[in-house]
Amino acid sequence: MMGRKLITALLALPILFAGSAAFAEYPEKPIKLILPYRAGGGTDGLARTIQAAIEKHKLMTQPLVVVNVTGAGGAVGARRVKDADPDGYTFLQMHNEMFALAATGRLGFDPATAYEPVAQTTQSCLYLAVPAKSQLKTFDDMTAYAKANPGQLKLADIIGGISHFPAAMMMDRLGIKFGVVHTGGTSKRFASMKGGHTDMAFMSPGWIKRAGDELRGLLWMGSALPAAAKGMPTAKERGLDIEACLNRRFWAPAGTSPDHVAYFAGVLEKVMRTPELIEYHKQRLSTIRVRTGAQLKQDIAAEMKSFESVAGTVKASMQ
């Protein structure tokens with residue numbers, strides 16, 4: 001009897017070890033990271049820097065393959081990942097433009113049920129800028145002028161885009177009104193202001209250096225003011241509970257194993273501590289802000305709610 005039990009136990013050992021080995025071997029093939037935007041943009045730049053640092057510091061046993069899947073303002077790539085096999089080999093890198101698309105009905109599905117959040121790695125906050133020659137010297141000047149002259153000020157933006165939402169929140173909270181002019185990204189916003197076609201715009205932090213003395217910052221839209229933005233008041237200091245930041249996050253298709261999500265989140269946490277990623281963010285005046293787990297889900301829920309709160313106003317501008 002004892003001999004039969006021993007033999008049975010020994011026969012079971014290969015099964016146990018095989019299961020452990022299979023878990024330890026993940027990933028067994030390259031992991032694909034889908035970017036829903038073009039090559040050369042901010043999302044692409046971050047992903048390529050992460051990819052290179054992972055390879056250099058041997059943070060993964062398999063390659064990270066970056067794939068650009070563009071179209072419909074990011075919705076095409078987002079859908080590609082939503083519909084992917086949740087086997088731990090396909091992830092999405094997309095900032096909170098996802099919430100702008102969802103709130104205006106252009107995404108076509110609910111991100112809360114379509115994905116499992118993996119990690120946030122970076123926060124890059126915007127600032128409200130005017131041309132240096134503008135008569136609006138301060139944020140209070142802008143507010144006073146907008147109240148006295150409803151609709152006359154023109155904001156260069158992407159109608160329905162991520163920065164349109166904080167603009168709608170600002171008008172709602174301050175009781176002011178300005179026009180939103182569809183110009184495009186920050187380079188086109190800069191050109192529009194410089195040409196005198198628009199009066200102000202939300203700009204990414206890199207433009208503090210890039211524009212030099214051609215722009216004047218009126219309001220910083222994040223909580224932590226970087227040294228380069230010294231002298232700008234923050235939205236919170238002006239009594240505005242509004243944040244306008246690109247929160248760069250990573251997502252997995254719903255149903256992805258928690259172990260696979262945790263593995264990739266761990267890799268991202270490690271890569272953010274490398275010299276390459278620290279320098280990358282320093283040059284762009286953005287902040288490494290790693291969030292995972294319950295804190296990440298809490299942040300996402302609050303952010304989605306804020307986008308939905310002004311979705312009606314934004315959609316009315318899109319018609």
>> Using alpha carbons only, how many angstrom separate the centre of the range 165-204 from the centre of the range 24-76?
In response: 32
> At what distance in nm do the modelled label points of Glu276 and Val65 sit from each other, each positioned 7 Å from its Cα along Cα→Cβ?
Replying inline: 1.9
>> Let's test the formula: R0 of 25 Å, r as the Cβ-Cβ distance of Arg106 and Arg173. What FRET efficiency results, to the nearest 0.05?
In response: 0.50
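So how strong a dipole does the range 83-161 carry about its Cα centre when Lys and Arg Cβ are +1 and Asp and Glu Cβ are -1, to the nearest 20 debye? Each step should come with its number before you reach the end.
Details: 5 positive and 9 negative charges, 156 e Å.
Value, rounded to 20: 740 debye.
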> What list do you get for Ser204, Ser223 if you sort them by fewest beta carbons within 10 Å?
Replying inline: Ser223, Ser204
>> Given the options Leu285, Ala72, Ala252, identify the residue whose Cα lies farthest towards the positive end of the charge dipole of the chain (+1 on Cβ of Lys, Arg; -1 on Cβ of Asp, Glu).
In response: Leu285
> What is the local net charge at Gly160, summed over the other residues whose Cβ is closer than 12 Å to its Cβ (Lys, Arg +1; Asp, Glu -1)?
Replying inline: 0
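Hey, with R₀ at 22 Å, roughly what FRET efficiency would Leu225 and Ala302 work out to, going by the Cβ-Cβ distance, to 0.05? Numbers along the way, then the final one.
Working: r = 22 Å, r/R0 = 0.98.
So, using R0 = 22 Å, E works out to roughly 0.55.
Antiparallel versus total DSSP beta bridges in the range 127-243: what percent is that, nearest 5?
Values: 8 of 15 bridges.
In the range 127-243, DSSP labels about 55 percent of beta bridges as antiparallel.
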> Is it possible to state the helix-based mean residue ellipticity at 222 nm for the chain, with each DSSP H run of 4+ residues giving -39500 (n - 2.57), the sum divided by total residues, to the nearest 500 deg cm²/dmol? What is it?
Replying inline: -13000 deg cm²/dmol
> Which pairs break 29 Å Cα to Cα here: Lys147/Lys230; Lys230/Lys305; Lys154/Lys230; Lys137/Lys177; Lys137/Lys209; Lys209/Lys236?
Replying inline: Lys230/Lys305
> In a GNM of the chain with a 10 Å cut-off on Cα contacts, which of Ala265, Ala102, Ala228 has the highest mean-square fluctuation?
Replying inline: Ala228
>> Checking the cross-link filter: which lysines have an alpha carbon closer than 21 Å to that of Lys58, excluding same-chain neighbours under 8 positions apart?
In response: Lys29, Lys32, Lys270
> Mind checking the dipole of the range 127-243: about its Cα centre, +1 per Lys or Arg Cβ, -1 per Asp or Glu Cβ, Debye to the nearest 20?
Replying inline: 260
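Can you give the longest run of the chain that contains no GluC sites (Glu not before Pro) sitting in a DSSP loop with at most 12 other Cβ atoms inside 10 Å? Show your work: numbers first, answer last.
Details: sites that count: Glu25, Glu28.
The segment 29-319 is the longest one with no such site.
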> Going by alpha carbons, how many degrees (0 to 90, nearest 10) lie between the helix axis of 2-24 and the longest principal axis of the chain?
Replying inline: 20
> Size of the range 151-218 along its principal axes in angstrom, Cα-based, largest extent first?
Replying inline: 32, 21, 20
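Under the Kirkwood approximation applied to all pairs of distinct alpha-carbon atoms, what is the hydrodynamic radius of the range 127-243 in Å? If you can, show how the numbers build up before the last one.
Values: mean 1/r = 0.0714 Å⁻¹.
Computed over the range 127-243, the radius equals 14.0 Å.
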>> Need one number: nm distance between label points at Lys147 and Ala262, each 7 Å from Cα along Cα→Cβ, rounded to one decimal.
In response: 5.4
>> List the residues, sorted by chain then number, that are 5 or more residues from Leu153 or on another chain and whose placed amide H is less than 5 Å from its amide H.
In response: Gly179
>> Tell me the label only: which of (i) -0.38, -0.88, -1.15, -1.25; (ii) -0.33, -0.83, -1.22, -1.35; (iii) -0.27, -0.75, -1.12, -1.25 is log10 I(q)/I(0) by the Debye sum over Cα atoms at q = 0.07, 0.12, 0.15, 0.16 Å⁻¹ as calculated from this structure?
In response: (ii)
>> Suppose every Lys and Arg Cβ carries +1 and every Asp and Glu Cβ carries -1, with no other charges. What dipole size does the chain come out with about its Cα centre, to the nearest 20 debye?
In response: 480
> Which translational diffusion coefficient, to the nearest whole µm²/s, is obtained for the range 233-319 from the Stokes-Einstein equation, given a Kirkwood hydrodynamic radius over C-alpha pairs, 10 °C and 1.306 mPa s?
Replying inline: 100
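Ignoring trypsin sites (Lys or Arg not before Pro) that are buried or in helix or strand per DSSP, and keeping those with at most 12 other beta carbon atoms within 10 Å, what is the longest stretch of the chain between them? Walk me through the intermediate numbers first.
Details: sites that count: Arg38, Lys58, Lys133, Lys137, Lys230, Arg273.
Free of exposed loop sites, the longest segment is 138-229.
Full-extension gain between Lys56 and His197, please, as 0.36 nm times their residue separation minus the C-alpha to C-alpha distance. Before the final figure, lay out each step's value.
On the way: separation 141, 0.36 × 141 = 50.76 nm, distance 4.64 nm.
Using 0.36 nm per residue and subtracting the Cα-Cα distance, I get 46.1 nm.
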> Among bridges DSSP assigns within the chain, what percent are antiparallel (round to 5)?
Replying inline: 60
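Could you give the length gained on full extension between Lys133 and Met318, defined as 0.36 nm per residue of separation minus the Cα-Cα distance, in nm?
Length difference between fully extended and current span is 63.6 nm.
Read-outs: derived from the displayed coordinates by stated rules, not from any lab. This is a predicted model, so every value here is computed, not measured. Virtual Cβ from ideal backbone geometry, glycine too; neighbours counted across all protein chains shown.
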